[in-house]
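Asks: Please read through the structure below; I'll follow up with questions.
The values are calculated or read from the model by the stated rules, or taken from the named source; none is laboratory data. Everything numeric here is computed off the predicted structure, so don't read it as measured data. Positions of Cβ are generated from backbone atoms using ideal geometry, with glycine treated the same way; all protein chains shown enter the neighbour counts.
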Amino acid sequence: MRKVEWTNRANKEFDHTFNYWINHNKSDIYSQKLLDETLRKVNLIVENPKIGAENKKNKLRRVLVLDNFSLTYKFSKNNIQIVSFFDNRRNPKAL
């Protein structure tokens, strides 16, 4: 089984998004749903690392989480590295 590693950038992006939705909604229900769905997608990636759409230029793959978030990753024989967690409603130049 491949080991999953999150980059510092991906961790910060996820934490920021998670906390934003708690503050915005004054509730953690949506944030918890986001966390659960993100973990489900990561488990799917572990089972089948080629599941995400590949960017031919940089060899990164991307899966959608709850239609509005992109989880970008790369993989090798022994690990999966989560590179970024991006809210697709943001300016794409921020990516």
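Asks: Considering region 53-67 alone, what residues qualify as being over 11 Å from the mean Cα position of the chain (by Cα) and either more than 20 Å from Lys3 (Cα to Cα) or surrounded by 12 or more Cβ atoms within 10 Å (Cβ to Cβ) (or both)?
Replies: Those that are over 11 Å from the mean Cα position of the chain (by Cα) and either more than 20 Å from Lys3 (Cα to Cα) or surrounded by 12 or more Cβ atoms within 10 Å (Cβ to Cβ) (or both): Ala53, Glu54, Asn55, Lys56, Lys57, Asn58, Leu60, Asp67.
Asks: Scan region 71-88 residue by residue and report those that are hydroxyl-bearing (Ser, Thr, Tyr) and surrounded by 17 or more Cβ atoms within 10 Å (Cβ to Cβ).
Replies: Answer for region 71-88, where residues must be hydroxyl-bearing (Ser, Thr, Tyr) and surrounded by 17 or more Cβ atoms within 10 Å (Cβ to Cβ): Thr72, Tyr73, Ser84.
Asks: Please specify each residue of region 51-61 satisfying the condition of being free of Cβ contacts under 8 Å to residues at least 12 places away in the same chain and closer than 18 Å to Gln81 by Cβ.
Replies: Within region 51-61, Ala53, Glu54, Asn55, Lys57, Asn58 qualify.
Asks: Scan region 7-29 for residues that are aliphatic (A, V, I, L, M), out of contact with any Asp or Glu (no Cβ under 6 Å at 6 or more places or on another chain) and either under 18 Å from Arg89 (Cα atoms) or modelled with pLDDT under 95 (or both) and jot them down.
Replies: Ala10
Asks: Still on this structure, I have one more. When you scan region 24-50, how many residues do you find that are farther than 14 Å from Ile82 by Cα and in a helix (DSSP H, G or I)?
Replies: 12
Asks: Within region 30-52, restricting attention to residues that are farther than 19 Å from Arg89 by Cβ and hydrophobic (A, V, I, L, M, F, W, C), which residue is surrounded by the most Cβ atoms within 10 Å (Cβ to Cβ)?
Replies: Top of the filtered list is Ile45.
For every residue, the table says whether it meets (1) within 21 Å of Thr17 (Cβ to Cβ); (2) touching a helix residue (DSSP H, G or I) at 6+ places or on another chain (Cβ under 9 Å).
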| residue | (1), (2) |
| --- | --- |
| Val42 | yes, no |
| Asp67 | yes, no |
| Ser70 | yes, no |
| Lys77 | no, no |
| Gln81 | yes, yes |
